[in-house]
Amino acid sequence: MAYLWWGLAIVPVLLLLVWFLNIQLLFYFLRVPDHAEAYVRFFFFHGLLSFTFYIPFTNKALASVKKRVTATIPPQEAETFLAQLKERVGYIENLPQIALSFLKKVEVRSLTWRTAVGMKDAAWTGMLTGSLWAAKGSVLAAIDRLMKMNTRPDIEVTPIFGQSVWKVEGSCMISFRAGHAIAAVIQLFIHRRGRKKRSSAGLFF
């Protein structure tokens, strides 16, 4: 009987610890002609416990990266990429209110985004560099609106004239409480079930 009471006393304490547990996530991405690397690293208890999830790249994907980076980048393809990037930012800003409420509680502790880009045509290189600065500015503005930016971003766009180059390196560390994430997941689950019930009843809104 004593073990039961001890168990009943410990469970709430463990739940409180999990609720206030601070989680840090480090996202890293590197893309260069001969190498591509990406991983997500989780930190718990102020870095005392951590583990890393590596995103695998197959030999075929690496060959594709090398081919596309060393090949001449068509101007139309560059413009399409930047337009798609801005479109993705618009999708993020139109997330459900539950997700937006959670993102407001997320702190951005570090943010680095370096790009080296070049084309055979110097004029197109200059135009692409300016467009990249504008796109990065839009992304940073969206992050600043959606999350708590507690750091000064390290952003670079380096133009390389006379050759076709596309190199990207980025890292971002965010932190949030596990309880906030759990609450957001529960609310999204309830919200989704409610929408399914309304849809099955013939109410489409």
**Report entry** For PHE176, net neighbour charge (Lys/Arg +1, Asp/Glu -1) across residues whose Cβ lies under 9 Å away
**Finding:** +1
**Report entry** Average accessible area per residue (Å²) across region 111-195 - probe 1.4 Å, nucleic acids and ligands excluded
**Finding:** 53 Å²
Query raised in the report: Quick one: which of 116-125, 181-190 comes out on top by average Cβ neighbours within 10 Å, and what's the full order, highest first?
Result: 116-125, 181-190
Query raised in the report: With θ set to phi - 60° and the Karplus curve 6.51 cos²θ - 1.76 cosθ + 1.60, what are the ³J(HN,Hα) couplings of region 107-124 in order, to the nearest whole Hz, using x for Gly and Pro?
Result: 9, 8, 8, 7, 8, 10, 8, 10, 9, 10, 9, x, 9, 4, 8, 5, 5, 5
Query raised in the report: In terms of modelled amide H atoms, which long-range or inter-chain residues lie less than 5 Å from the amide H of LEU21?
Result: ALA178, GLY179
Report summary line: antiparallel share of DSSP beta bridges within region 111-179, to nearest 5, in %, is 55 percent
Query raised in the report: So what does LYS167 come to for accessible area, using a 1.4 Å probe and Å² rounded to 10?
Result: 80 Å²
Query - Net length gained if the chain between VAL32 and ALA99 were fully extended (0.36 nm per residue, minus Cα distance) - result: 20.8 nm
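The values are calculated or read from the model by the stated rules, or taken from the named source; none is laboratory data. As the structure is a prediction and not an experimental result, all values here were calculated from the model. Positions of Cβ are backbone-derived with ideal geometry, glycine not excepted, and every protein chain shown enters the neighbour counts. Heavy atoms of the whole protein, side chains included, go into the accessibility calculation; ligands, DNA and RNA do not. Shrake-Rupley method; radii C 1.70, N 1.55, O 1.52, S 1.80 Å.
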